[in-house]
Structures are given as C-alpha cells and as structure tokens.
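*Asks:* Handing you a structure now.
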Amino acid sequence: MGNQVEKLTHLTYAEVPTSDPTGVDQEDCPRIGVSYIFSNDDGDLEDNVVGSEKDPKQEENYDTCNEVECSVFYRDECVYEKSLSAGDRSTYSPENLLNKCKPGDLVEFVAKNQYPHWTVYVGDFQVVHLHRAEIKNDFMTDASQGRRGRIVNDVYKFKPQKPEMVVQNAMEQVGARDRELSWRNSECFAAWCKFGKREFKIGGEIRIGKQPYSLKIQLSEKKSHILEFQSMEDLIMERRRNDQIGKNAVIQELVSHLHSEEEVRTDHNAHWD
C-alpha cells in the first residue's frame, strides 16, 4: 500500500477525480477530493453525517491519532499547519476549556465522524459561532453539544487582530442568517473574526489562472499527497471533509483511486494490443 500511495503525490484541483467523468457525482459512487467543495457543510453543526447522533461516550471514542496532519501553502508561504508533533493537540471537556479560554480565542470542537465545529470565545462562558445557517451567541457548553474541544489560535499563520477586535467582529454578526451570511462554514467565520481576511468569505477570491493554494496531506513520515486549489474557501471545504472522515479513510480513498486508475490504464492497453 505504501508504494501505491507514493505514486499519487501531486494533483491540480482540476485533476482531482470525481466518480463521474461528467463531473456529477452519483450518491453511491466512491468520491475523492471534491465531494463537498461546493456545499455548505455547517447546515446543522454538520450533524447530518451518518452516525452523528449524540453519543454520551463520544468523548472517549475520539482518537487524535486518526486526525489528518496537513499544511496549507499560498504559493511558497505556509499559512496553516496541523501536526500532532507540533503543539498541544489534546482535547478537553467544555467545562475544562472555560478555565483555559480568553476572549478572542478560537475554539474547535471535535468528535468521531463529524466535521469540526469552530467558535469564537467572547467571554462570560459564551461563544459566537455559525450554526444552522445563523450566527449565534451561545454558552460554550451548549455550543459544544457534548464534544471535546481545544484552542486553535495557532494553526493559521496569519497575523491575528487584537482580542477586543476579534470579539467585536464576532458580536457584530450575531443574528445574521441565510443569505446574509458571508461564510460557508463555522471555521471560515471564526477565522475571519480572528484574522479579518477576505479569503475566508464566500467569493472572497477570484478563481482564475493558476491555483495558488496547495494542501499537503501528510500520509506518513516520508510520504505526502498534494492538491492545488484556486481559493482558500475551496481548500478549507476539502480539508474539513478529510477531518470528518479521518486519516485512515483518506489514505484508503487515495489507494482506491490509484487502483481504479491502473485498471482503466490496463483495459485501455489491452484494447489496443
């Protein structure tokens, strides 16, 4: 399997395969890379995925070792990095997190087989977050929905705004909903509050020319896989999909795709023999 993965090391966004050659995926076909790129993955705290019912034991079941380690580059500059070896990736109960958070902190809640949910801590045990197509101000314990969480101020490498400005950005958006929203998911909203960059907004970048963003997925210590994107928005959608399915499933997708590609090549050669 290691050799198979190693062969598939670099794709442009246009080359990422879908299950249908017309570009329209069928529900039951295997997907890779672009499955959720043009959908809103925060419709219900991303709880519409299979097996996402509230599980009282989900805190015990979450395995950080199955997280996808990756880096994001804008041209040659690293703008995002998630590594199990760099920094503390431990997760905590919402009650314990309240003792660690300061206003302006970004908090990520995680659970097995679910998209991560990002919030902005605004003080007084409360967060602001994008949930069910609305910006809401909730108590952290309610927003977590039983998930474990961690502070993620350092994964993006942009210069952060002052904490009071981060809180102001978040609070000013409370109540915005549906078509008033400028963010596709909870992470884009929280990151915009923190860094103020238009790249996190829907349509914040024009998708023309060469793809300037690269998503480098670390498969093992020496092997990686690269996808290229025309916007930060598209890249975040794909990266979050990988977070939801986990590292083992991502690797299996790559191996399955490579195997299918080799079968097509073999059939084509046999046709011309």
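*Asks:* Any chance you could count how many residues in region 112-162 are at pLDDT below 95 and of a type in the set (A, V, I, L, M, F, W, C)?
*Replies:* Number satisfying all stated conditions: 0.
*Asks:* Still on this model: For the subset of region 189-221 comprising residues that are out of contact with any strand residue (DSSP E or B) (no Cβ under 8 Å at 6 or more places or on another chain), touching a residue at least 24 places away in the same chain (Cβ under 8 Å) and closer than 30 Å to residue 255 by Cα, which member is least open to solvent (accessible area, probe 1.4 Å)?
*Replies:* Ranking the candidates gives 220 first.
*Asks:* Further question on the same structure: Open to solvent by 10 Å² or more (accessible area, probe 1.4 Å) and either among the hydrophobic types (A, V, I, L, M, F, W, C) or part of a helix (DSSP H, G or I) (or both) - does that describe any residue in region 230-238?
*Replies:* The answer is no; no qualifying residue exists.
*Asks:* Let me ask another. Select from region 123-167 the residues that are touching a helix residue (DSSP H, G or I) at 6+ places or on another chain (Cβ under 6 Å) and of a type in the set (Val, Ile, Thr) and write down the one among them that is farthest from residue 215 (Cα to Cα).
*Replies:* 141
*Asks:* Only one of 182, 260, 214 is hydroxyl-bearing (Ser, Thr, Tyr), outside any loop (DSSP other than H, G, I, E, B) and at pLDDT 95 or above; which?
*Replies:* Checking each option against the conditions leaves just 214.
*Asks:* Filter region 130-163 down to the residues that are closer than 10 Å to residue 194 by Cα and assigned to a helix (DSSP H, G or I) and list them by number.
*Replies:* 163
*Asks:* A follow-up question, please. Has region 146-153 got any residue that is touching a Cys at 6+ places or on another chain (Cβ under 9 Å), surrounded by fewer than 23 Cβ atoms within 10 Å (Cβ to Cβ) and of a type outside the set (Asp, Glu)?
*Replies:* Yes, region 146-153 contains at least one residue that is touching a Cys at 6+ places or on another chain (Cβ under 9 Å), surrounded by fewer than 23 Cβ atoms within 10 Å (Cβ to Cβ) and of a type outside the set (Asp, Glu).
*Asks:* Please work out which one of (1) within 23 Å of residue 63 (Cα to Cα); (2) open to solvent by less than 30 Å² (accessible area, probe 1.4 Å); (3) not polar (S, T, N, Q) is the condition residue 95 fails and give its number.
*Replies:* So residue 95 meets the others, but not (2).
The values are calculated or read from the model by the stated rules, or taken from the named source; none is laboratory data. Nothing here was measured: the structure is a model prediction, and the numbers come from that model. No Cβ is skipped: glycine too gets one built from the backbone with ideal geometry, and neighbour counts run over all protein chains shown. For accessibility, only protein heavy atoms count, side chains too; no ligands or nucleic acids. Shrake-Rupley method; radii C 1.70, N 1.55, O 1.52, S 1.80 Å.
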